[in-house]
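Please treat every number below as a calculation from the coordinates, not as lab data. This structure is a prediction, so every number in the text was calculated from the model and none was measured. Note: ideal-geometry Cβ built from the backbone for every residue, glycine included; neighbour counts use all protein chains shown.
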Amino acid sequence: MRGRLINPFVIELQQLDTAATSQVVGGGYDADFGEPRPVPNGTPGGGDSRRETELRVHAQIEPQMFNAARTLQTGLVREARFVCVVHFQELEARDLIGADGQPRIRVNDRLAAIYQADGTLVMQIPPKPGLYIHQTLPVGFGLGGKRNLLQLEFRSREQAR
């Protein structure tokens, strides 16, 4: 017995596809900052050259802060922080653990939506400012002699242009 999630939902992650992002014409990665460059699309800030792939996993949701306001010199900024807990058993069954033992869910993956177990949409998270994985932390070692839970900490971040 390895334990289980409490009241799990399904989270939709958008994972950065580095190969597809680097192939975007006029975009790709900035040589200095290593971030996806904006691409010309007729708007002042340009379009996003970030390309993503979708991944859905069951998770226990533990919101810490959502839609909190912080005032900066440039104006009001909305902030959020979520913690989601996923079970290593599902990651192992879906081949989401690499040969090095590390989960294939990584820092900078984006939380795009939360669904009920039956697939009903609960909440969509807009890409900007977005909720991105800030930290992954294996927790819950021991039950069944294995590691059991992976904690994902999502934080909002401003996208500078």
(request) Please tell me the relative contact order of the chain in percent, rounded to the nearest whole number, where contacts are Cα pairs under 8 Å and at least six residues apart. (result) 24 percent
(message) Under the 0.36 nm per residue contour assumption, what length would be gained going from the current alpha-carbon distance of Asp95 and Lys128 to full extension?
(response) 8.9 nm
(request) Determine the dipole magnitude for the chain: charges of +1 sit on the beta-carbon of Lys and Arg, -1 on that of Asp and Glu, nothing else is charged, the reference point is the Cα centre, and the result goes in debye to the nearest 20. (result) 280 debye
(request) Select from Phe33, Val57, Ile6 the residue farthest towards the positive end of the dipole of the range 1-67; place +1 on Cβ of Lys and Arg, -1 on Cβ of Asp and Glu, and compute about the Cα centre. (result) Ile6
(request) For every helix of n ≥ 4 consecutive DSSP H residues, a contribution of -39,500 (n - 2.57) applies; sum these over the chain, divide by its total residues, and give [θ] at 222 nm rounded to the nearest 500 deg cm²/dmol. (result) -1500 deg cm²/dmol
(message) Whole percent per 5 Å bin, from 0 to the bin with the longest distance: what is P(r) over all C-alpha pairs of the chain?
(response) 2, 8, 15, 19, 18, 15, 12, 7, 3, 1, 0, 0
(message) Can you sort Phe88, Phe141, Phe154 from fewest to most other Cβ atoms within 10 Å of each residue's own Cβ?
(response) Phe141, Phe88, Phe154
(request) Using the number of other C-beta atoms within 10 angstrom as an exposure proxy, rank His58, His134, His87 with the fewest first. (result) His134, His58, His87
